[in-house]
Amino acid sequence: MTGTIVEQATTLFDQDAAGARRGVRVELVDCVRYFGSVAALDHLSLAIEPGELVALLGPSGCGKTTALRALAGLEQLDGGMVRIRDVDVTRVPTHRRELGMVFQAYSLFPSMTAIDNVGFGLRLRKVRAAARRRRAGELLELVGLSAQAGRFPHELSGGQQQRVALARALAVEPRVLLLDEPLSALDAKVRAQLRDEIRRIQLEVGITTLFVTHDQEEALSIADRLGVMAHGRLEQIGTPDEVYARPGNAFVASFVGSVSSLPGTAVPGGMVEVLGRRIGLRPEQDVFLPGSAVHVLLRPESFAVRADPLGRGIVLRRSFLGPVMRLAVALPGEVEVEVSLEAARAGEIGAGSAVSVEPLGPPLFVTGRDDA
């Protein structure tokens, strides 16, 4: 197969005359699913636009995998509806929903080569052997495994096996791609590489995709929109930038990225006083009466820190994160905060060093003391 990857994707996945992306709109509408007395899905509604990749993120047991399985038809809903292309498919069996699925377990057939694994779904659809092999070869080229077409799963690395699983899911030309923790069994470097590869292929093919993960970095880096779930509910959905910088509630603020919570006091003028310094609030945060006791949530990068023999903070530990050094600092009042600074500037600040720490505004989120 020749041509650019985009040309290959266009050949492999039909588009309309205007070249529009092939993806379809997908909806979960007021979905409810109980396991005993526990609501795994609590009136969950989610819409994924054509060609969009939405990542669902949340702690274990939050309902994100149940949502994916409901979309796939692998979980029977106790209430609500699943729609694909504006058609109610709630009672439609999985094999008729035009889906491709990739899970954490590769589930490759050990006695089949890579190319035969990719072509398995086509064989079930009675595609002729020559056409099946040609298409499977094209998909292996798309995922960068042409040279491994004749190898068996035990002869492939974990990352290569997952690429085969992805190619197999795409071979049947699904309208929707479902990815359930597809990278969690891989080591960090391979996981990052394959994550980028999945995103590249998804964008070029233009397939509507739901990606479920517990990994924050994965979700933030791969998604068009990120949904954060807890207790079967969608707490917030938005672009990764929106969710990270403007969380909708304290749970989202605390779950996505690192955050420190400090006691503060609301003061006049749309400000809050924290660590003896006044910082401005965003208009939507200015909802507390002056004098109200609040908790102020700040990211590690929202502090100014410097070595200071007279400083009231003491560095408890350091974490080297490449260009950034993360410091855990103890402050008066049994308050501990995480602060970040450029690693090049942190050489003289070791564990036990005295530092000055100043908060920078606006805060990530502000809650009343009784709400935290």
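Listing for the model above:
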| read-out | value |
| --- | --- |
| Candidates Val228, Val54, Val339: whichever shows maximal mean-square fluctuation once the chain is modelled as a Gaussian network with Cα springs under 10 Å | Val339 |
| Theoretical ellipticity at 222 nm over the chain - DSSP helices of four or more residues, -39500 (n - 2.57) apiece, nearest 500 | -7000 deg cm²/dmol |
| Per-residue HN-Hα couplings for the range 141-158 [Karplus 6.51, -1.76, 1.60; θ = phi - 60°; Hz; x = Gly/Pro] | 5, 4, 9, x, 10, 4, 5, 9, 4, x, 8, 8, x, 5, 9, 10, 6, x |
| Share, in percent, of DSSP beta bridges within the chain that are antiparallel, nearest 5 | 75 |
| Residue-span extension gain [Ser60 to Arg318] - 0.36 nm each, minus C-alpha spacing | 90.0 nm |
| Charge dipole magnitude, Cβ of K and R +1, D and E -1 - the range 211-364, Cα centre, debye nearest 20 | 300 |
| Förster-model FRET efficiency, 30 Å R0, Val267 and Arg345, C-beta, rounded to 0.05 | 0.45 |
| Contact order normalised by residue count of the range 258-368, Cα under 8 Å, 6+ apart, percent | 33 |
| Spacing of the two label points (7 Å from each Cα toward its C-beta) at Ser258 and Ala293, in nm | 2.8 |
| Likely footprinting exposure, Lys64, Lys126, fewest C-beta neighbours within 10 Å first | Lys126, Lys64 |
| FRET efficiency, Glu284 to Asp370 (Cβ-Cβ, R0 35 Å, nearest 0.05) | 0.95 |
| Size of electric dipole in the chain: Cβ of Lys, Arg +1 and of Asp, Glu -1, about Cα centre, debye, nearest 20 | 1260 |
| Relative contact order %, the chain, counting alpha carbon pairs below 8 Å whose residues are six or more apart | 16 |
| Cut-off 12 Å between beta-carbons: net charge of the residues surrounding Leu275, Lys and Arg +1, Asp and Glu -1 | +1 |
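Read the figures in this text as sums done on the coordinates, not as results from a lab. Keep in mind that what you see is a predicted model, and the values were worked out from it rather than measured. Using ideal geometry, Cβ is built from the backbone for each residue, glycine included, and neighbour counts are taken over all protein chains shown.
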